[in-house]
Amino acid sequence: LVPIKGLILRYFLIYVIITLYTSTSKHLPFSSIDRKCRAETHIVFLKTHKTASSTILNILYRFGESKNLTFALPLNKNSQLFYPFFFAPHFVEGVSSHHFSEFHIMCNHMRFRNSEVAKVMPRDTFYFSILRNPVSMMESIFIYYKSIPAFHGKRSLDDFLNSSRTHYNGSIVNNHYAHNILAFDFGLNNNVTFESPDLNKQVLNAISAIERDFHLILISEYFEESMVLLRHSLCWSLEDVVSFKLNSRSDHTRHKLSPETADKIKKWNALDWKIYLHFNATFWHKLDTIIGQQQLEKEVTELRALQTKLADICLKDGGAVDPSKIKDAGLKPFQYGAAVIQGYNLNPDMNNQTRAKCEQLIRPELQYTDKLYIQQFPEKVLDVIHVCFPVIQNCT
Ligand SMILES: *[C@@H]1O[C@H](CO)[C@@H](O)[C@H](O)[C@H]1NC(C)=O
Ligand SMILES: *[C@@H]1O[C@H](CO)[C@@H](O)[C@H](O)[C@H]1NC(C)=O
Ligand SMILES: *[C@@H]1O[C@H](CO)[C@@H](O)[C@H](O)[C@H]1NC(C)=O
Ligand SMILES: *[C@@H]1O[C@H](CO)[C@@H](O)[C@H](O)[C@H]1NC(C)=O
Ligand SMILES: *[C@@H]1O[C@H](CO)[C@@H](O)[C@H](O)[C@H]1NC(C)=O
Ligand SMILES: *[C@@H]1O[C@H](CO)[C@@H](O)[C@H](O)[C@H]1NC(C)=O
């Protein structure tokens, strides 16, 4: 009887330990991640324009900073990897000097070229990007990049579109913003319209190039679903992908487009439009097969709850405010074009640790890039200290 008793006791103890363990882990908030996979830390994010990509940049910056990962940052404290030139390895700080044996994350604006990016990043790197509906994207671009030659003297987007076929000159610097900018950012030929005789061939080539080079394409219109799919693809937790919207326009600079104007955009940016339709379909297919509708809804709800909780803790005004209302100049986002880019004020009553976490969440792109540069290249900072960003610093 004695050995049997001992055995029962042993099994009983194991049972208690397992129950305790699983019940405590169940009570950790929002950590529904299944730890059978290993969190991805080699990442290339192709940052596209006007697609909520600044918010994703912030997510990557926070993740990398908290885990001491190295970023492939632009040379000499630039904010972009010499966009709109095609990417080249020497655009990255530390490549020419062999400062690092490996980079973990590359995520600043560049014009993608897979063979060159592959020279800098490890072989097992995860590549992803984000697309936005080219119709609303064009409305945004027209406001934000109002100063490019293609939009010069155009009273409205409709005005531009009416004459784009006859008057647009794609050889002039910066005009690419006005024509199939998604294709351009992916390093593809953007000189394509609805009337191009080889449109279908161009579309097929573009889609197969993107599918060859990228593991995942997210969709800006479904941002929360995108974050859920991203975390599953990277084996990250839901907390890793929580964010506040950054670099976002105030509603009073948004314009509603007529169906006729929308139609003209779809024709002018026919390549982008077809790329978008394709990847919107593959996005939803992936969500269905990898996550499933029920789990997706559950995680989107959790993500929203987590974001609301963080907003309550961190933000003074509960949400984004116009730049004139931002008290701390270091947290004011870069203003450009005719758009009003909103930012945040922090709740004044927080302990230092919470404040630091909250600051990371709302730190605008340029300031955060600078901060990482200084952390990664403390010895270089003296060399480039004379570089001044008039918009975010007082240069006198
Ligand atoms: C990151 O580096 C700091 C300073 O070297 C160290 O204290 C910290 O533990 C590191 N964190 C991780 C996650 O490795
Ligand atoms: C653009 O063309 C359409 C149709 O030709 C016309 O109705 C509209 O007034 C034009 N818009 C502008 C701003 O010129
Ligand atoms: C764009 O394509 C048109 C028609 O094929 C051609 O005439 C034009 O030179 C091209 N523009 C550029 C910038 O390559
Ligand atoms: C387009 O711009 C280029 C570069 O400025 C110029 O050389 C060319 O003549 C322009 N083409 C037309 C049709 O105006
Ligand atoms: C994108 O896909 C979703 C889900 O299938 C669909 O509801 C939506 O209409 C699509 N968007 C466009 C622009 O076709
Ligand atoms: C919090 O930060 C402030 C300013 O950096 C510092 O003066 C203070 O000592 C810090 N408090 C604690 C408890 O670390």
Can you tell me how many residues within the stretch 59-85 are in contact with a Lys or Arg (Cβ under 7 Å, 6 or more places away or on another chain) and away from ligand 4 (no atom under 16 Å from the Cβ)?
2
Please verify whether residue 248 is among the small types (Gly, Ala, Ser) and closer than 13 Å to residue 139 by Cβ, treating the condition exactly as stated.
no
Under 8 Å between Cβ atoms, which residue pairs at least 6 apart in sequence (or on different chains) link something in the stretch 38-52 that is at positive phi with a partner that is assigned to a loop (DSSP other than H, G, I, E, B)?
50/132; 52/132; 52/245; 52/248
How many residues of the stretch 223-249 are over 13 Å from the mean Cα position of the chain (by Cα) and among the small types (Gly, Ala, Ser)? The answer is 2
Give me the pairs, please: first residue somewhere in the stretch 145-173 and on the phi < 0 side of the Ramachandran plot, second residue anywhere and in a loop (DSSP other than H, G, I, E, B) and within 16 Å of ligand 3 (Cβ to nearest atom), beta-carbon distance under 6 Å, and either six or more positions apart or on two chains.
148/174; 149/172; 150/168; 170/191
Per the list (1) away from ligand 5 (no atom under 16 Å from the Cβ); (2) closer than 22 Å to residue 251 by Cβ; (3) out of contact with any Ser or Thr (no Cβ under 9 Å at 6 or more places or on another chain), residue check on residue 224 breaks on (1)
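Looking only at the stretch 217-270, which residues are part of a loop (DSSP other than H, G, I, E, B), within 16 Å of ligand 2 (Cβ to nearest atom) and not aliphatic (A, V, I, L, M)?
Residues satisfying the conditions are 255, 256, 258.
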If you go through the stretch 160-208 one residue at a time, how many are of a type in the set (Asp, Glu) and either surrounded by fewer than 14 Cβ atoms within 10 Å (Cβ to Cβ) or over 22 Å from the mean Cα position of the chain (by Cα) (or both)?
2
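Residue-by-condition table, conditions (1) in contact with a Leu (Cβ under 6 Å, 6 or more places away or on another chain); (2) more than 16 Å from ligand 1 (Cβ to nearest atom); (3) of a type in the set (A, V, I, L, M, F, W, C); (4) at pLDDT 95 or above:
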| position | (1), (2), (3), (4) |
| --- | --- |
| 178 | no, yes, yes, yes |
| 191 | no, yes, no, yes |
| 198 | no, yes, no, yes |
| 211 | no, yes, no, yes |
| 222 | no, yes, no, yes |
| 234 | no, yes, yes, yes |
| 239 | no, no, no, yes |
| 247 | no, yes, no, no |
| 251 | no, yes, no, no |
If you go through the stretch 301-359 one residue at a time, how many are modelled with pLDDT under 85, basic (Lys, Arg) and in a helix (DSSP H, G or I)?
1
Check whether at least one residue in the stretch 149-159 is in contact with a Ser or Thr (Cβ under 7 Å, 6 or more places away or on another chain) and surrounded by 18 or more Cβ atoms within 10 Å (Cβ to Cβ), and report yes or no.
yes
Criterion (under 30 Å from residue 94 (Cα atoms), among the β-branched types (Val, Ile, Thr) and either in contact with a helix residue (DSSP H, G or I) (Cβ under 8 Å, 6 or more places away or on another chain) or in contact (Cβ under 8 Å) with a residue 24 or more places away in the chain (or both)) met by exactly one of 192, 117, 203, 135:
117
From the list 200, 169, 247, pick out the single residue that is under 25 Å from residue 83 (Cα atoms) and within 16 Å of ligand 3 (Cβ to nearest atom).
169
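For (1) within 16 Å of ligand 4 (Cβ to nearest atom); (2) of a type in the set (Val, Ile, Thr); (3) touching a His at 6+ places or on another chain (Cβ under 6 Å); (4) not in a loop (DSSP other than H, G, I, E, B), each residue gets a yes or a no:
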site: 97; (1), (2), (3), (4): no, no, no, no
site: 115; (1), (2), (3), (4): no, no, no, yes
site: 130; (1), (2), (3), (4): no, yes, no, yes
site: 142; (1), (2), (3), (4): no, no, no, yes
site: 173; (1), (2), (3), (4): yes, yes, no, no
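The values are calculated or read from the model by the stated rules, or taken from the named source; none is laboratory data. None of these values were measured; they are calculated from a predicted model. Positions of Cβ are backbone-derived with ideal geometry, glycine not excepted, and every protein chain shown enters the neighbour counts.
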